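The values are calculated or read from the model by the stated rules, or taken from the named source; none is laboratory data. Fair warning: this is a prediction, and the values are worked out from it, not measured in the lab. Ideal geometry is used to build each Cβ from the backbone, glycine not excepted, and the neighbour counts take in all protein chains shown. In case anyone asks, the SASA skips ligands and DNA or RNA and just uses the protein heavy atoms, side chains included. Shrake-Rupley method; radii C 1.70, N 1.55, O 1.52, S 1.80 Å.
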Amino acid sequence: MKKIDNLTTVIVFSLFLLLLGAGGWVLKDKAFSANENRVLQQRPAVTAEALLSGEFEEAFQKYQDDQFPFRDSWITLKTATKLALLSKDLNGVYLGKDGYLIEKISDEDADQELFASNLQAVKAFCEKLPTGLSKSVILVPTTAAIMKEKLPAGAAPFEEGAYAKAAARQLQSANYVDLYDEFGKKKDRALYYRTDHHWTTEGAMLAYDVWKQSMGQSGISLKQLHKRLLSDDFQGSLYSKVLWDDGTRDQVTAYIGERQMHSRVIADGQTLGGMYQEQFLREKDKYAVFFGGNYGSVEVDTGNQNGKHLLIIKDSFANAFAPFAAEDFDKVFLVDLRYFSGNLLDYVEEHHITDVLILYSMSNMIKDKNISALKSGGNILS
């Protein structure tokens, strides 16, 4: 009887694997995952060069992972299994307190060598900028660094404080703006989303306020801005990694001023209908309401007439930050090194830039290899 039971188990499991394999061949490959907000790996081409170099094996493994049948359901099942085993690390995400999902970045994940190289690249670029031009650097703290009390027991995030101190030392001449102290004091303002890795509009506004004060200017006047709720049903990038719905939803808000409403926005040569792309509020990635996502180059003409032109070299955190600059600058330019092609020093001269801000999340500063392009003056070939 026991042999029959064992044989039945083997047969059922074999059929299960067979069905999965068949599903992988029968089901049409997906090009994009709306849930994960990224392009999925397609079946790689078989070439002698790719086989010999190992690139084919790596690409095919990624292809299998991305095109796995019923992938989203499996992620949910994996999360449920880990929760049943009392695990707090779910696919690179900490299941925190009060509905917080917090990106897991351990000491092993943090690339100290790349971080040091990126800091040197930022410093070198700032030294190449024209004399008299205002320059500054902001590194956005991770949620784990500010909201420590929300981390689960046993969580061991990387020693971010040491990285922040190193940045402050190396980038002193570039006017490094330290957000850690001010964010720590005001963390009750909901500075970070609970289901997404980005800061909220509140966090971006606080950072803009600290940045202005670091240049000896007065902070933001809320009297000039109107707070508007854009969505109260946001489940962000970290939710997409675990697909475990505990009922937590984030609010997406905007603080809208007169100049924001009347700004003309051009992204990679195409005219947008303003800074807020509200069609994305009906999509999975509601954070894309800010400019519609990331582009190589964005130009915002605010209609101001004060002669000030701001260039922000950035990652996606700047998308929620830039609208505040519309009230203070004639033009605001956004450059994302992941998609930009050209020479940044030429770009500064061509667009009569008066202020340069390099704004990155700390999590990207320790892993983004595109930042190295700044070392040569930002000369990026397409």
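Determine whether Lys97 is touching a Gly at 6+ places or on another chain (Cβ under 6 Å) and either touching a residue at least 40 places away in the same chain (Cβ under 8 Å) or loosely packed, with under 14 Cβ neighbours inside 10 Å (or both). Spelling it out, it is not the case that Lys97 is touching a Gly at 6+ places or on another chain (Cβ under 6 Å) and either touching a residue at least 40 places away in the same chain (Cβ under 8 Å) or loosely packed, with under 14 Cβ neighbours inside 10 Å (or both).
Taking segment 139-167 as the search range and keeping residues that are among the aliphatic types (A, V, I, L, M) and open to solvent by 40 Å² or more (accessible area, probe 1.4 Å), which one is farthest from Asp98 (Cα to Cα)? Show your work before the answer.
First pass over segment 139-167, keeping only residues among the aliphatic types (A, V, I, L, M): 139-140, 144-147, 151, 153, 155-156, 162, 164, 166-167.
Cutting the leftovers down to open to solvent by 40 Å² or more (accessible area, probe 1.4 Å) gives us 153, 156, 162.
Numbers: Ala153: 14, Ala156: 19, Ala162: 28 Å.
Among those residues, the one meeting the criterion is Ala162.
Scan segment 191-205 for residues that are of a type outside the set (Asp, Glu) and either open to solvent by 10 Å² or more (accessible area, probe 1.4 Å) or touching a His at 6+ places or on another chain (Cβ under 7 Å) (or both) and the total you get is 5.
What strands (runs of 3 or more DSSP E) completely inside segment 90-157 contain at least 2 residues that are modelled with pLDDT of 95 or more and over 17 Å from the mean Cα position of the chain (by Cα)? Strands (runs of 3 or more DSSP E) meeting the threshold: 134-140.
When you check Val356 against the structure, is it open to solvent by less than 40 Å² (accessible area, probe 1.4 Å), touching a residue at least 12 places away in the same chain (Cβ under 8 Å) and assigned to a strand (DSSP E or B), yes or no? Here the answer is yes, as Val356 does meet what is asked. When segment 29-48 is filtered for residues that are open to solvent by 60 Å² or more (accessible area, probe 1.4 Å) and either at pLDDT 75 or above or touching a helix residue (DSSP H, G or I) at 6+ places or on another chain (Cβ under 6 Å) (or both), the ones remaining, listed by number, are Gln42, Arg43, Ala45, Thr47, Ala48. Quick check, is Ser136 open to solvent by less than 60 Å² (accessible area, probe 1.4 Å), under 28 Å from Lys369 (Cα atoms) and not acidic (Asp, Glu)? In short, yes. Report, ordered by the first and then the second residue, all pairs with beta carbons closer than 6 Å, sequence separation of six or more or different chains, a first member in segment 40-52 that is closer than 12 Å to Asp29 by Cα, and a second member that is open to solvent by 100 Å² or more (accessible area, probe 1.4 Å) and of a type in the set (D, E, K, R). Partner pairs satisfying both residue conditions: Leu40/Lys30; Gln41/Lys62. Meeting the requirement of 2 or more residues that are farther than 19 Å from Glu103 by Cα, the helices (runs of 4 or more DSSP H) wholly within segment 180-284 are 180-185, 201-214, 258-261.
Residues of segment 272-314 that are touching a Ser or Thr at 6+ places or on another chain (Cβ under 7 Å) and among the polar types (S, T, N, Q): Asn294, Thr302. Just one of (1) touching a strand residue (DSSP E or B) at 6+ places or on another chain (Cβ under 6 Å); (2) on the phi < 0 side of the Ramachandran plot fails for Phe125. It is (1). What are the residues in segment 218-240 that are without any contact (Cβ under 8 Å) to a residue 60 or more places away in the chain and of a type in the set (S, T, N, Q), if any? Residues satisfying the conditions are Ser218, Ser221, Ser231, Gln235. With respect to the stated conditions, Lys241 fails to be at pLDDT 95 or above and buried (at least 19 other Cβ atoms within 10 Å of the Cβ).
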